[in-house]
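Working notes, structure below.
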Amino acid sequence: MSQPRTAIVTGAARGIGAAVAKRLARDGFSVAVVDLDAASCADTVKAIESDGGTALAVGADVSDTEQVEAAVAEVAEKLGPPTVLVNNAGILRDNLVFKMTDDDWDAVINVHLRGSFLMTRAVQRHQTEQKYGRIVNLSSTSALGNRGQANYATAKAGLQGFTKTLAIELGKFNVTANAIAPGFIETEMTAATAARVGVPYEDFKAGAASMIPVGRVGQPEDIAATASFLVSEEAGFVSGQVIYVAGGPKD
Ligand code: NAP
């Protein structure tokens with residue numbers, strides 16, 4: 001018998017999250033498109049629906065316990081028990097450590113780490129009840145260290161430990177947990193970084209591509225394709241892994 005097919009993707013109003021949501025809908029999932037503001041999810045939901053899929057816009061700040069609990073309850077009620085969770089919501093507050101403020105640190109740690117924890121805690125109740133589940137956390141090549149990103153690198157490295165621990169704790173319920181660690185992906189996040197350092201985005205992308213073995217920057221669909229595999233039933237023996245999707249090796 002096939003498993004319940006309701007997926008939640010956080011930060012899915014745009015960028016990587018939107019591409020993952022659209023891909024999972026095409027794979028046959030009913031998809032809860034979660035972002036800070038439900039109205040900002042309209043484009044992703046519309047794209048899924050006009051492609052014949054099912055989607056629900058849900059507004060929630062993933063770092064807020066009450067909003068997360070309410071969002072997951074709404075998804076379970078309207079789309080059925082969520083068995084797939086993609087923790088993708090993220091922000092940047094880059095600065096060299098001597099200039100990094102308390103707020104820069106807390107904001108990044110809260111969205112990536114606390115947000116993934118809160119979403120996972122709420123969703124795993126449904127997964128363990130269904131004796132089935134797939135969790136994918138968005139890490140980053142920055143987990144290996146990146147100038148100006150002490151907060152972000154720490155959060156993304158933390159997500160790798162979180163992922164491995166989920167794999168150990170939830171495995172007996174037939175729930176897998178894996179992380180995707182993207183390299184440079186063309187989204188508003190990397191466009192904002194280019195703007196911050198004062199380099200035109202086309203030049204910024206070309207510079208990045210010149211350092212990437214496959215000779216191009218990544219697209220959100222590159223990450224969506226990897227997520228599609230990791231949440232599939234046939235990926236059930238892949239758990240606790242960090243998959244670098246960066247156009248070349250990272251270590
Ligand atoms: P993006 O274009 O900035 O999209 C991130 C989305 O997350 C936005 O829609 C944002 O909403 C939402 N979000 C932020 N804080 C949230 C919160 N507290 N609750 C709910 N939603 C929230 O970023 P992206 O490039 O697609 O990145 C997606 C994920 O991949 C992130 O975790 C990022 O760290 C990771 N990643 C990206 C790259 C890359 O090169 N782009 C590389 C490695 C890893 P608002 O617009 O309202 O802020």
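The values are calculated or read from the model by the stated rules, or taken from the named source; none is laboratory data. These figures come from a predicted structure and were not determined experimentally. Neighbour counts are summed over all protein chains in view; Cβ atoms, including those assigned to glycine, are modelled from backbone coordinates with ideal geometry. Keep in mind that these areas ignore ligands, DNA and RNA; they rest on the heavy atoms of the full protein, side chains included. Shrake-Rupley method; radii C 1.70, N 1.55, O 1.52, S 1.80 Å.
Brief remarks follow.
- When each of 80, 53, 15 is tested for being within 8 Å of the ligand (Cβ to nearest atom), modelled with pLDDT of 95 or more and open to solvent by 10 Å² or more (accessible area, probe 1.4 Å), the lone residue that passes is 15.
- With respect to being closer than 17 Å to residue 227 by Cβ and in contact (Cβ under 8 Å) with a residue 12 or more places away in the chain, residue 25 fits the description.
- Considering the stretch 17-47, the residues that are more than 25 Å from residue 2 (Cα to Cα) and polar (S, T, N, Q) include one that is nearest to the chain's Cα centre (by Cα), namely 44.
- The C-beta contact set for the stretch 102-117 (first residue away from the ligand (no atom under 12 Å from the Cβ), second residue open to solvent by 40 Å² or more (accessible area, probe 1.4 Å), distance under 8 angstrom, 6+ apart or interchain) comprises 103/93; 104/93; 104/95; 105/93; 117/162.
- Among the residues examined, residue 60 qualifies as within 11 Å of the ligand (Cβ to nearest atom), modelled with pLDDT of 95 or more and not charged (D, E, K, R).
- Screening 18, 13, 55, 71 for residues that are among the aliphatic types (A, V, I, L, M), under 14 Å from residue 115 (Cβ atoms) and touching a strand residue (DSSP E or B) at 6+ places or on another chain (Cβ under 9 Å) leaves exactly one candidate, 71.
- Helices (runs of 4 or more DSSP H) fully within the stretch 87-206 that include at least 2 residues being farther than 20 Å from residue 242 by Cβ and either open to solvent by less than 60 Å² (accessible area, probe 1.4 Å) or modelled with pLDDT under 95 (or both): 102-109, 115-130, 188-197.
- Matching entry among 75, 45, 34 (being within 16 Å of the ligand (Cβ to nearest atom), in the same structural domain as residue 166 (by the TED database), within 30 Å of residue 150 (Cα to Cα) and at pLDDT 95 or above): 34
- Check on residue 203, more than 21 Å from residue 107 (Cβ to Cβ), within 12 Å of the ligand (Cβ to nearest atom) and either charged (D, E, K, R) or without any contact (Cβ under 8 Å) to a residue 40 or more places away in the chain (or both): no
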